[in-house]
Amino acid sequence: MCSRLIIQTSKNSSLKCLERLISNHHQVRSKSVSVASDSKIEEVSEAKETAPPPEVDVNKYIHSNLMLEKNETKPQESSLSFDAIPGPRSLFLISKFWNSIPKLDSNRVIVSFIQNFLSGANFFHNILCWGGNKQFFNKFFRVYGPVVRLHGAFHSDVVLLSRPEHACNIFQHSNPYPIRSCLECIEKYRLDHKNYEQAGLFFTCGTDWKILRDTVSQPLLNGADMYYQRINDICNLFVQRVITNRNKLEEVGDNFDTELYRWYLESLFMITLRTRTGFLDNPQKKETDATAFLSALEATLRTIGKCEYGFHIWKFVETTSWKVLVKNCDAMDTILNEYVDRAVQSMQDKKDQDAAPFLQALIANQKISRSDIITILMDMVLIGTATTTHTIALLLFHLSKNTRCQKKLREEIGRFKDNVSSSDIEQMSYLHACIKEVLRISPPVPILSRVLTSDVKIMDYMIPKDTRILFASHLNSHRDEHFEEANKFKPERWMSSNADEYNIFATMPFGHGPKSCLAKEFAENQIAVLIFKICRKFHIEYDYGDIQSSHELLASPTKPLKFRFIDL
């Protein structure tokens with residue numbers, strides 16, 4: 001309790017300090033920054049032959065986009081130094097003071113703790129990478145411009161970027177093995193507590209990451225296609241649970257987010273392990289593996305935020321939040337291993353007939369260890385549960401507030417049979433437009449975090465290799481300069497003839513490049529089938545104001561999901 005109070009007090013005071021720093025020093029600008037602001041600042045990158053990410057030919061995209069191409073044909077001969085990037089003056093002075101102190105060699109743990117604790121930019125990175133402090137991002141960019149540097153002690157600076165062309169430049173200069181920087185508590189749990197050789201697909205870099213990604217990608221899509229009938233069955237079970245759990249006003253309770261968790265987990269394990277796990281079974285008096293796993297998952301998702309937010313004291317001291325995280329991750333790890341054992345035994349009993357292609361592919365690859373299989377599945381549980389259910393909840397809300405859109409969607413899905421197939425889903429253009437629009441308005445991962453793998457030039461500023469970058473993609477999604485009436489839910493924008501002209505770097509709900517979400521097609525198909533089933537059966541209403549996104553790394557709705565599901 002004391003530890004939690006200390007962390008919370010530190011967090012609140014630091015946030016207040018940060019806001020004061022911004023307001024007190026917004027007039028302090030260096031001479032070099034003024035020179036930069038007077039010049040043209042639209043340049044994205046020098047003409048350079050670099051292999052683009054697989055999703056898009058970046059060079060082709062730059063030349064087809066007037067905003068991005070504007071200065072590319074006229075590269076500047078000179079550039080400004082990293083020190084010229086504007087930012088809070090106080091952080092600059094503090095970092096200079098700490099950088100002048102000689103490194104201590106007496107106790108590595110103590111020195112590491114001091115460096116992390118006193119590093120202002122580390123603290124700000126921990127807060128801002130979650131995206132929840134949307135007001136701070138807006139203040140930074142209003143005061144200092146589209147490129148902001150947060151100075152930290154011991155060379156732990158963070159650069160905030162706000163424009164689509166900046167993201168384009170970052171991805172253009174990324175090597176084939178990008179580096180993320182987030183969810184350090186999960187990484188530490190796996191490497192230090194569980195002693196796994198690798199932290200998992202989400203955290204691993206380099207060739208090890210590529211081996212894992214190549215092994216997972218195709219079998220995941222094949223599994224979804226093969227088990228579409230079972231996905232239909234699971235979605236039908238969910239609809240029946242909605243009918244059963246409604247009150248007399250046809251309204252579901254405050255725990256509807258948990259119901260969405262149940263649906264996602266049942267679907268996930270059916271596709272990856274080809275096994276029914278009982279998450280959608282009727283409640284039982286005796287606790288089952290499914291209920292224990294669900295309870296541990298909800299506790300873990302809550303605790304991740306507490307660990308990642310603010311100073312990472314748990315790296316050096318076993319805080320209460322760290323102990324809760326370890327306890328619940330251990331519980332999920334144990335149950336998940338049992339699920340995998342059952343699936344493997346079932347494969348052997350049936351002599352690989354009708355076995356899960358996803359699990360088969362992992363087992364068949366000798367470069368993949370048992371711990372790798374567990375971490376891959378656990379990443380899909382932790383990250384997939386939060387992002388997929390968040391998208392469904394916000395889409396249901398927008399449909400409830402836009403009856404015209406709901407009616408138009410229902411007209412489209414009414415042309416298809418109830419037992420929907422993958423080819424049917426592909427033909428539902430308006431359904432896909434609705435999903436794309438809610439991902440734009442409320443991205444489940446609002447902040448993209450990267451560590452530069454090479455020096456990059458942004459608006460004439462040279463940003464050195466190994467600098468941590470935070471790109472505020474959720475701000476661009478709400479700017480009218482990129483999307484007309486950006487704050488309105490308008491699925492039709494994605495069905496117009498000029499939909500392809502929208503800046504792909506202005507909305508990146510699944511990230512971009514090699515490190516983009518591996519399961520994005522899998523997630524979109526899951527969402528599409530469930531929304532198809534719900535809208536086919538119910539008219540959706542919501543009577544409790546507006547539901548917003550928390551804009552955290554693993555975003556969540558800001559209000560209970562007390563929807564009314566009215567029978568058609």
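Which of the numbered conditions does GLN366 fail, given that it passes all the others? Conditions: (1) farther than 21 Å from ALA290 by Cα; (2) more than 27 Å from the chain's Cα centre (by Cα); (3) crowded, with 19+ Cβ neighbours inside 10 Å.
All conditions are met except number (3).
Return the only residue of GLU165, GLU187 being closer than 22 Å to LEU448 by Cβ, open to solvent by 30 Å² or more (accessible area, probe 1.4 Å) and at pLDDT 85 or above.
GLU187 is the lone residue from the list that is closer than 22 Å to LEU448 by Cβ, open to solvent by 30 Å² or more (accessible area, probe 1.4 Å) and at pLDDT 85 or above.
Suppose we filter SER477, SER454 for residues that are open to solvent by less than 10 Å² (accessible area, probe 1.4 Å) and either of a type in the set (Lys, Arg) or over 15 Å from ILE534 (Cβ atoms) (or both); which single one remains?
Going through SER477, SER454 in turn, the sole match is SER477.
Being of a type in the set (D, E, K, R), touching a Gly at 6+ places or on another chain (Cβ under 8 Å) and in a helix (DSSP H, G or I) narrows it down to one residue among ASP330, ASP372, ASP341; which is it?
The match here is ASP372.
Looking only at residues in the stretch 138-162 that are under 28 Å from THR204 (Cβ atoms) and part of a strand (DSSP E or B), which one is modelled with the lowest pLDDT?
LEU150
Just one of LYS306, LYS327 is more than 16 Å from MET380 (Cα to Cα) and at pLDDT below 95; which is it?
It is LYS306.
What is the number of the single condition among (1) open to solvent by 60 Å² or more (accessible area, probe 1.4 Å); (2) touching a residue at least 60 places away in the same chain (Cβ under 8 Å); (3) under 22 Å from SER556 (Cβ atoms) that LEU249 does not meet?
LEU249 satisfies every listed condition except (3).
If I filter the stretch 499-543 down to residues being in contact with a Gly (Cβ under 8 Å, 6 or more places away or on another chain) and either among the hydroxyl-bearing types (Ser, Thr, Tyr) or more than 22 Å from GLU412 (Cα to Cα) (or both), which single residue comes out as least open to solvent (accessible area, probe 1.4 Å)?
Filtering the stretch 499-543 for residues that are in contact with a Gly (Cβ under 8 Å, 6 or more places away or on another chain) and either among the hydroxyl-bearing types (Ser, Thr, Tyr) or more than 22 Å from GLU412 (Cα to Cα) (or both), the one least open to solvent (accessible area, probe 1.4 Å) comes out as ALA519.
How many residues does the stretch 176-203 hold that are without any contact (Cβ under 8 Å) to a residue 60 or more places away in the chain and out of contact with any helix residue (DSSP H, G or I) (no Cβ under 6 Å at 6 or more places or on another chain)?
4
Select from the stretch 544-555 the residues that are surrounded by fewer than 19 Cβ atoms within 10 Å (Cβ to Cβ) and at negative phi and list them in ascending order.
TYR544, ASP546, GLN548, SER550, listed by residue number.
Please tell me if GLU298 is at pLDDT 95 or above and closer than 28 Å to ILE566 by Cα.
no
Return only the number of the condition from (1) at negative phi; (2) of a type in the set (D, E, K, R); (3) over 23 Å from the mean Cα position of the chain (by Cα) that ARG274 does not satisfy.
Condition not satisfied by ARG274: (1).
Report, ordered by the first and then the second residue, all pairs with beta carbons closer than 8 Å, sequence separation of six or more or different chains, a first member in the stretch 398-423 that is farther than 20 Å from GLN229 by Cβ, and a second member that is among the β-branched types (Val, Ile, Thr) and not in a helix (DSSP H, G or I).
LEU399/ILE540; SER400/ILE540; GLN406/ILE540
Just to be sure I understand the filter: pairs with C-beta atoms under 6 Å, separated by 6 or more residues or on different chains, first member in the stretch 474-495 and among the charged types (D, E, K, R), second member surrounded by 13 or more Cβ atoms within 10 Å (Cβ to Cβ). Which pairs pass?
Qualifying pairs under 6 Å: ARG479/ALA486; ASP480/ALA486.
Looking at this structure, is ALA199 open to solvent by less than 10 Å² (accessible area, probe 1.4 Å), part of a loop (DSSP other than H, G, I, E, B) and modelled with pLDDT of 60 or more?
yes
So which residues in the stretch 512-568 are without any contact (Cβ under 8 Å) to a residue 12 or more places away in the chain and outside any loop (DSSP other than H, G, I, E, B)?
Answer for the stretch 512-568, where residues must be without any contact (Cβ under 8 Å) to a residue 12 or more places away in the chain and outside any loop (DSSP other than H, G, I, E, B): just LYS520.
Sort through SER321, SER295 and tell me the only one that's in contact with a helix residue (DSSP H, G or I) (Cβ under 6 Å, 6 or more places away or on another chain) and not in a loop (DSSP other than H, G, I, E, B).
SER321
The values are calculated or read from the model by the stated rules, or taken from the named source; none is laboratory data. The structure displayed is predicted, hence computed values, not measured ones. Note that we place each Cβ from the backbone using ideal geometry, even for glycine, and neighbour counts take in every protein chain shown. Each accessible area value is taken on the protein alone, full model and side chains, heavy atoms only, with ligands, DNA and RNA left out. Shrake-Rupley method; radii C 1.70, N 1.55, O 1.52, S 1.80 Å.
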